[in-house]
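Peer 1: Attaching a single structure in structure tokens format; questions to follow.
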Amino acid sequence: MEVANSPRIKVLLLTGQSNQWHNWKVSSRALASVVEDESIFELDTIVSPSAGEDFSEFSPNWGDYDVILLDYEGDEWAEDVKSAFVDYVRGGGGVVAFHAADNAFPNWVEFNEMIGVGGWGDRDESVGSMVRWRDGEMVLDDASAGAMHPDAFEFQVETRAPKHPVMKGLPASWLHAIDEQYSCLRGPAKNLTVLATAIAGPEIENGTGEHEPMLMAIDFGEGRVFHTTLGHVGADDTETPLAMKCAGFIETLYRGLEWAATGSVTRDVPADFPSSEKTSVR
Ligand SMILES: [Zn+2]
């Protein structure tokens, strides 16, 4: 039953393509089920044409939604679809970029601004800096490096913006279930708030020893973007992986969706939120 005075948040899950390392069918199914579990959200899903197929009919009505949840990395959209998306976000629309969505559209200037930083797709110094957390503050690092990650492992996610609506009340650090930890993402990093970081020490292969941004909030015009790097689903995975069952992943996704859609978060911290000692999966 619809509750008066509390309209549901309209979420569009956009999926349909991923690169060779990911399985959008499994990740989008998991995202849909998570979103549908919470009655404040009302979900629509659009599955794009497959790689190389005709995109001429692909033209989502962005303005019908409060927030667009991107689980998409693939073919470029038509220019008018892109510009309508930019107008939507600039005018106050919400976006949540999920995991490898930040691999998408390496040459789309406004998209890189929306996500703050991204990885792969030949992103190099020309797209911007890396974002690191050093001595209690965000630092832009212009060193030459490309995105990478260690083999999936359990890692601490450390809160860096405890007063931000997405992070309010969450523990200072929590142990995330086994996942890829993205590093060396780079981009314009404008109007970007680092919400949470994680580190892989140099003793780990492909560990940078840097506090890398895991959760980010970006202002783009009047719009808000929540960027979560968490939630890897491998190409051969057929079941929802632990990374996406982690109560920390799920709760920060809920908060990111609500914040991107409305600018505030109404949620309490769930009892099963992970601690720094123990992962928690649903
Ligand atoms: Zn991945």
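The values are calculated or read from the model by the stated rules, or taken from the named source; none is laboratory data. This is a predicted model, so every value here is computed, not measured. Please note: Cβ atoms are built from the backbone with ideal geometry, for glycine as well, and neighbour counts cover all protein chains shown.
Peer 1: Among the numbered criteria (1) in contact (Cβ under 8 Å) with a residue 60 or more places away in the chain; (2) under 18 Å from GLU277 (Cα atoms); (3) more than 16 Å from the ligand (Cβ to nearest atom), which one does ALA196 miss?
Peer 2: (1)
Peer 1: Another question, if that's okay. State the number of residues belonging to segment 8-21 that are closer than 15 Å to ASP75 by Cα and over 15 Å from the mean Cα position of the chain (by Cα).
Peer 2: Total meeting the criteria: 4.
Peer 1: Can you tell which of MET130, MET138, MET114 is more than 15 Å from the chain's Cα centre (by Cα), touching a residue at least 12 places away in the same chain (Cβ under 8 Å) and under 25 Å from VAL233 (Cα atoms)?
Peer 2: When all the criteria are applied, what remains is MET130.
Peer 1: So which pairs qualify, if the first residue must be in segment 14-39 and within 23 Å of ASN61 (Cα to Cα) and in a loop (DSSP other than H, G, I, E, B), the second must be within 14 Å of the ligand (Cβ to nearest atom) and of a type in the set (D, E, K, R), the Cβ gap must be under 7 Å, and the two must be at least 6 apart or on different chains?
Peer 2: GLN17/GLU73; SER18/GLU73
Peer 1: Name the one entry in VAL194, VAL157, VAL166 that is closer than 16 Å to VAL265 by Cα, within 16 Å of the chain's Cα centre (by Cα) and not charged (D, E, K, R).
Peer 2: Every option except VAL166 fails the conditions.
Peer 1: Say we look at segment 227-238 and pick out the residues that are within 17 Å of THR15 (Cβ to Cβ) and more than 13 Å from the chain's Cα centre (by Cα); which of these is surrounded by the fewest Cβ atoms within 10 Å (Cβ to Cβ)?
Peer 2: Among those that are within 17 Å of THR15 (Cβ to Cβ) and more than 13 Å from the chain's Cα centre (by Cα), it is THR238.
Peer 1: Shifting gears a bit: Looking for something over 30 Å from LYS278 (Cβ atoms) and touching a Gly at 6+ places or on another chain (Cβ under 8 Å) - is there at least one such residue anywhere in segment 78-86?
Peer 2: No.
Peer 1: Still on this structure: Might you check whether a residue that is among the aliphatic types (A, V, I, L, M) and in a helix (DSSP H, G or I) occurs anywhere in segment 60-76?
Peer 2: No, segment 60-76 contains no residue that is among the aliphatic types (A, V, I, L, M) and in a helix (DSSP H, G or I).
Peer 1: Report whether or not GLU212 is among the charged types (D, E, K, R), modelled with pLDDT under 95 and at negative phi.
Peer 2: no
Peer 1: Find the residue count for segment 70-90, including only residues that are loosely packed, with under 14 Cβ neighbours inside 10 Å and of a type outside the set (Asp, Glu).
Peer 2: Going through segment 70-90 one residue at a time, the tally reaches 2.
Peer 1: Considering only segment 242-272, how many residues are surrounded by 13 or more Cβ atoms within 10 Å (Cβ to Cβ) and either in contact with a strand residue (DSSP E or B) (Cβ under 7 Å, 6 or more places away or on another chain) or not in a loop (DSSP other than H, G, I, E, B) (or both)?
Peer 2: Number satisfying all stated conditions: 21.
Peer 1: Can you pull out every residue in segment 93-152 that is assigned to a loop (DSSP other than H, G, I, E, B), away from the ligand (no atom under 16 Å from the Cβ), closer than 11 Å to LEU185 by Cα and touching a Gly at 6+ places or on another chain (Cβ under 6 Å)?
Peer 2: Across segment 93-152, the qualifying residues are GLY116, GLY128.
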